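The values are calculated or read from the model by the stated rules, or taken from the named source; none is laboratory data. Nothing here was measured: the structure is a model prediction, and the numbers come from that model. Note that we place each Cβ from the backbone using ideal geometry, even for glycine, and neighbour counts take in every protein chain shown. Protein only, heavy atoms only, side chains kept; ligands, DNA and RNA dropped before computing areas. Shrake-Rupley method; radii C 1.70, N 1.55, O 1.52, S 1.80 Å.
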Amino acid sequence: MNEISRREVIGSALAGGWLALGTEWSLAQSTTQPTSASAPSAGSAVDGPYQLPPLPYDYADLEPYISAQIMKLHHDIHHKGYVDAANAAVVELERVRRAGGDAIRTIRAVTDSLSFNLSGHVLHTVFWKNMKKGGGGDPPTTSEIARAITRDFGSLDGFRAQFSAAGAQVQGSGWAILAYEPLAQRLAVLQSEKHNNTGAWGSVPLLSLDVWEHAYYLQYQNKRTDYIKAFFNVVNWDDVNLRLEAARKLTLP
Ligand code: MN
């Protein structure tokens, strides 16, 4: 199956699943339970509010910086696992509410699963769109993102150094994230351990870099810093700029 038809199949499957059900998804149609926090599985699709978005390019388009093999496994298996588990958590929470009684005792584990898997879904969705074939370089100096980065980090190089160090120093699995923080209306570089720890509430991710080993190990082995350096050759600054423009419309009362 070529890439285009593969996408059409995925799109059709999504349209025929959750979308066809509208806002009424049925508990009876879901048998998948939330997966453990550390082992996303491909599993079968679970009806629910979240969908695996198609990649906005082909698997090989980010080569030589990120291999097609990594992209296929990362998107089709890992990201899909987070989507399925986030949907399963939503379904399970509804079941627990309906069941009442002792069922509420499972709420901590299911809530933890929702936090982990939904955060993973959000960050991967941003990550795919943050990259493009022929990306990289610097954003236009007149763009909002360039001006904000210069204001809040001193320079583009200063930002890149901080972001890269944040990614390199994540303990275990996690992310480096350039975020818009709406209270101070400033940019911030955050780290996330796993997908959902050590973030900051309200912040909107603009540029996210996955530094889990599944994101680079097949190509870069233990050289995480080489992978981080390569990432800047595929950054889609137009997408980052659009996210900043959208995030700036968010004001917290
Ligand atoms: Mn990942």
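Karplus-derived 3J(HN,Hα) values for the stretch 186-193, using 6.51 cos²θ - 1.76 cosθ + 1.60 with θ = phi - 60°, are 10, 7, 9, 9, 10, 10, 10, 8 Hz; glycine and proline are entered as x.
In whole Å, how far is the Cα centre of the stretch 183-252 from that of the stretch 103-170? Their Cα centres are 2 Å away from one another. A Förster radius of 30 Å combined with the Cβ-Cβ distance from residue 68 to residue 193 puts the calculated FRET efficiency at roughly 0.60. Protection proxy ranking of 71-78, 171-178, 84-91, 245-252, by the mean of other Cβ atoms within 10 Å over each peptide's residues and highest first, is 84-91, 171-178, 71-78, 245-252.
For the stretch 91-206, the carbon plus sulfur part of the accessible surface works out to 53%, probe radius 1.4 Å. Listed values for the stretch 162-177 are Karplus-derived 3J(HN,Hα) couplings in whole Hz (6.51 cos²θ - 1.76 cosθ + 1.60, θ = phi - 60°), namely 5, 4, 5, 5, 4, x, 5, 9, 4, 7, x, 9, x, 9, 9, 9, and x replaces Gly and Pro.
Checking the cross-link pairs 72/229; 80/132; 80/133; 133/249; 133/194 against a 25 Å limit on the alpha carbon distance flags 133/249; 133/194 as lying beyond it. The slack in the chain from residue 76 to residue 95, taken as 0.36 nm per residue of separation less the alpha-carbon distance, amounts to 4.1 nm.
The alpha carbon gyration tensor of the stretch 173-240 gives principal lengths a ≥ b ≥ c with a/c of 1.5 or higher and a/b no greater than b/c, which makes the shape oblate. Compared with the direct C-alpha span, the chain from residue 155 to residue 142 gains 3.3 nm at full extension, assuming 0.36 nm per residue. With the highest mean first, a sort of the peptides 47-56, 105-114 on other beta-carbon atoms found within 10 angstrom per residue produces 47-56, 105-114. Residues in the stretch 220-229 carry Karplus couplings, in order, of 10, 6, 7, 8, 4, 5, 5, 5, 4, 5 Hz; the curve used is 6.51 cos²θ - 1.76 cosθ + 1.60 with θ = phi - 60°, and Gly or Pro positions show x.
For the stretch 81-231, the solvent-accessible area works out to 45 Å² per residue, with a probe of 1.4 Å and every protein chain left in place. Here the calculated FRET efficiency for residue 183 and residue 107, from their Cβ-Cβ distance with R0 = 45 Å, stands at 0.95, rounded to the nearest 0.05. Computed from the C-beta positions of residue 200 and residue 251, the FRET efficiency with R₀ = 22 Å rounds to 0.85.
In units of the rule-of-thumb radius 2.2 N^0.38 Å, the stretch 123-253 shows an alpha carbon radius of gyration of 1.00.
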